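First up is the structure itself, then whatever we jot down about it.
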Amino acid sequence: MKIDLAQVVVSEDDIRRRITELGGQLTELYRKKGVEEVCAICITNGSIMFAADLLRHLDLHVRLDCVRVSSYKDEDRPVTEPEIIDQIRLDLTGQHLLLIDDILDTGRTLDKVTRILKAQKPSSLLTCVLLNKKRRKHVRVTPDFVGFTIPDHFVVGYGLDFAERYRNLPCIGVLKSELQNPPNWCAARKDDQPGSRR
């Protein structure tokens with residue numbers, strides 16, 4: 001699958017190192033506040049891999065819930081207002097929340113989910129995103145923790161997808177422009193069989 005990338009933006013090794021750093025920073029911050037248990041809220045599907053790896057580096061008790069949000073609709077840019085597809089089930093009142101997302105792009109998703117969480121009256125709320133894209137945000141949102149700041153390119157891998165593909169790439173890269181369209185993607189795959197030059 002890496003052959004479908006025009007370039008690698010963040011390597012597997014860089015992801016691993018940064019997540020270790022983030023886990024240590026979050027653990028230290030929470031412990032300074034006397035917090036021994038956090039409730040992690042994972043925005044799925046994109047942040048599943050990031051959240052799974054990050055939570056293993058938190059030296060704290062962790063409860064986990066997920067909220068599913070959709071906004072891309074198989075496009076390379078968000079084309080709709082974020083739609084909440086699956087709601088959180090835990091009682092978050094009085095909890096210390098850590099909201100985890102894969103990428104901060106327009107800011108709409110993080111803003112909407114943050115407002116939903118604040119309405120449940122938690123004791124605290126921190127936000128952590130793997131990627132912060134260098135582009136003008138539609139909504140002004142500043143995450144508390146950022147893994148990497150990247151250029152304004154359409155990226156896939158390590159949980160980020162295009163048309164639900166490429167999530168399992170271990171690195172993060174720019175998808176080739178000719179593959180950023182579902183019909184073209186399907187056509188390009190017709191010859192992708194054993195014995196082909198690819």
Hey, can you tell me all the residues within segment 133-173 that are of a type in the set (Val, Ile, Thr) and open to solvent by less than 20 Å² (accessible area, probe 1.4 Å)? ILE150, VAL155, VAL156, ILE172
Please verify whether segment 49-61 includes one or more residues that are open to solvent by 80 Å² or more (accessible area, probe 1.4 Å) and modelled with pLDDT under 95. no
Determine which member of the set VAL69, VAL10 is within 27 Å of VAL174 (Cα to Cα), at pLDDT below 90 and open to solvent by less than 60 Å² (accessible area, probe 1.4 Å). VAL69
Subset of segment 149-176 [of a type in the set (Gly, Ala, Ser) and either closer than 16 Å to ASP14 by Cα or modelled with pLDDT under 85 (or both)]: GLY157, GLY159, GLY173
Subset of segment 154-170, residues more than 11 Å from the chain's Cα centre (by Cα) and in a strand (DSSP E or B), comes to VAL155, PHE162, ARG165
Looking only at segment 13-24, which residues are β-branched (Val, Ile, Thr) and open to solvent by less than 20 Å² (accessible area, probe 1.4 Å)? ILE15, ILE19
Result of the Cβ filter at 8 Å on segment 150-179, keeping first residues that are among the polar types (S, T, N, Q) and partners that are open to solvent by 10 Å² or more (accessible area, probe 1.4 Å) and at pLDDT below 90, at least 6 apart or interchain, is ASN168/MET1
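The values are calculated or read from the model by the stated rules, or taken from the named source; none is laboratory data. Keep in mind it's a predicted model, so treat the numbers as computed, not measured. In this analysis, Cβ positions are derived from the backbone assuming ideal geometry, glycine residues included, and neighbour counts consider all displayed protein chains. Only protein heavy atoms, including side chains, enter the accessible area calculation; ligands, DNA and RNA are left aside. Shrake-Rupley method; radii C 1.70, N 1.55, O 1.52, S 1.80 Å.
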